[in-house]
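Structure record follows, encoded as structure tokens.
The values are calculated or read from the model by the stated rules, or taken from the named source; none is laboratory data. As the structure is a computational prediction, the values presented were derived from the model and not from experiment. Glycine also receives a Cβ, built like all others from the backbone with ideal geometry; neighbour counts cover every protein chain displayed.
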Amino acid sequence: MKKKNLLLFFLVIFHEVGLTQIDLQNYSTSFDGSPKDGKTPILITAVPYNGNYFSEIDHVFSRAPGGDSTDLSHPNSTDRLKSFRQLNTFDSSEIYFFGAGIHPSNAALYEFRVLLNGGKEMQPWTGITRFTGEDVQLNEFKKQFAFLGGFRTNWGNYLIADLRKKGTESILSRSIVYWMPTRPSLLNIYTSDELKEFLKKESKPYDLYLNPGELKKWKERYPSDQLDSLTGLPKKLILAPREDNVIFYIKAGVFKKEALEYQVIRNGTVYLAWRANDFDNNFIWLKNLPPGGYVLQMRFSAQRHNQADYPFEHRAAWNQTLLFKLLAGFLVAATLGAILLLFKLTRQRRRMKLEASKKEKLTLELKSIRSQLNPHFIFNALSSIQGLINKNEIAAANRYLSEFGSLLRDSLAGSDKDLTDLATEIKVLETYLGLEQLRFGFQYNVEVAGDINPYETEIPCFLLQPLVENAVKHGLSAHPGEGLVQIRFLKENANFIVLIQDNGNGFPEEKDVQENVGGQRDARGQGDHGHGYGLRLTRDRIKLLNELGRSITFSIAGAPGKGTIVRFNFSNWW
């Protein structure tokens, strides 16, 4: 058996058509032996490489395509040969048949045929009319030998080309080509720690077999049930955390990277899409692989329908595991949360300190106002006692003085409180109104709505007294014996309402005002220092209470001769 690669370009003369150029690079030629006399014709078969050399390309079939062990050399019982060639092709391209020893001078003596699967005639017995060019030389064969044409069939089928002398039944030469399905298979696997072994193997790229010593490492690393019985490799490769580079050595003679294609799947999704190999060699080198479960998918570009899959896993280091990442993420989040919480607590404490300082300041200001209200009240009370004495109403003055002492004690007892219950506030108001009755002889009435519990309802201490005092001294003093003061406590939804009404003179129409806490002004007795001073202190006190979180407003409304109504509104009091 002899084999020889033809020239890069095979020139063939077609007598019917003219000169045509056929690209036969990457083709392998095979024939069944050179004739001793150099004249006996033989068949030459050109099978495409297309970037791959397969060791099985020039071997006798071990089995026929039908699955039995029939020798394809004799498609029928009367047709036997002493010399023939059986080939495999792994490419879908055409194969070419040539007749060495047949030239234009003797071509009329010979004919050829091509059979599909040993039966159907693809080319019946045909005379030879086409020849190679004068510039083609193969071994010692004479130039310008016969060209029989190009043929192809589908995967799993085979063609038989026969050459004979016309008028005889004897076959001079036979070539059989089987379109063999194939897919990449692994010869060995190398990690980054085994580069020395890999380079040693790569120095003999066409040695596509492993010796027992080369397979020993897998037997030492994996149990026998985890090794493939045919290849001796792991059924599933497990890479340690530090082994992020791996070389898959293919059992094929690849000399063009476009001949081998691969794709990598990681954790069920495409990690590297289909691509030509990175090297003009028979190995696939994957680098810098992150941890995960992988499938290496391989195929030859000549047979993209035949794909081989190989699973492997790159295990994560302890600091690359999901649990570690979750714990690390939790610790980072907890640390950031603690820092944020500490920042918020520090800011909250600072704010609380400022609020406490502000509250303390406001409380001191409230106490200051309360301390100013007490002398104001005492001054007015003493004025009333003086008036009774001047009228020589000694008994009334003595009674007033006694009741005033009791009222003053109640006032001083609550001087350190911001709020008091409504029942206590009403008692103080009734005591004061009873004293002023001695002087002005008016009537008063205090009403509490049925849905208000005076013992559970709170109200700022001594808040209403200056306004009640204002109604008595500036509203009723001009009508002795005929005056009336009404104080009503009402509930409107969540609001607490207090109304103080008198039937006095009211105030002139041009001074009729209705103001809230932001701008009350005394419409009656504008020149009265005591009256204006009491209202101003009440307004300032409400303003401070609102700054402490309350929502209190009051208004004054009235008309000449129709009396006055003072309205307090305690918003969302319950």
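Can you find even one residue in region 118-135 that is surrounded by 18 or more Cβ atoms within 10 Å (Cβ to Cβ), in contact with a helix residue (DSSP H, G or I) (Cβ under 6 Å, 6 or more places away or on another chain) and either in a loop (DSSP other than H, G, I, E, B) or in the same structural domain as Arg304 (by TED's automatic domain parsing) (or both)?
Yes.
Every residue, every condition in (1) at pLDDT below 85; (2) in a helix (DSSP H, G or I), yes or no:
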{"site": "Ala316", "(1), (2)": "no, no"}
{"site": "Ala333", "(1), (2)": "no, yes"}
{"site": "Leu342", "(1), (2)": "no, yes"}
{"site": "Leu345", "(1), (2)": "no, yes"}
{"site": "Leu362", "(1), (2)": "yes, yes"}
{"site": "Arg370", "(1), (2)": "yes, yes"}
{"site": "Leu373", "(1), (2)": "yes, yes"}
{"site": "Phe377", "(1), (2)": "yes, yes"}
{"site": "Asn392", "(1), (2)": "yes, no"}
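Just checking, which of Phe141, Phe147 is more than 55 Å from the chain's Cα centre (by Cα) and part of a loop (DSSP other than H, G, I, E, B)?
Exactly one of Phe141, Phe147 is more than 55 Å from the chain's Cα centre (by Cα) and part of a loop (DSSP other than H, G, I, E, B), namely Phe141.
Arg521 is checked against (1) part of a loop (DSSP other than H, G, I, E, B); (2) in contact with a Leu (Cβ under 8 Å, 6 or more places away or on another chain); (3) surrounded by 14 or more Cβ atoms within 10 Å (Cβ to Cβ); (4) modelled with pLDDT under 80 and fails just one. What number does that condition carry?
Here Arg521 meets the rest and fails (3).
How many residues are in a strand (DSSP E or B) and in contact with an Asp or Glu (Cβ under 9 Å, 6 or more places away or on another chain) when one looks only at region 159-172?
Result for region 159-172: 6.
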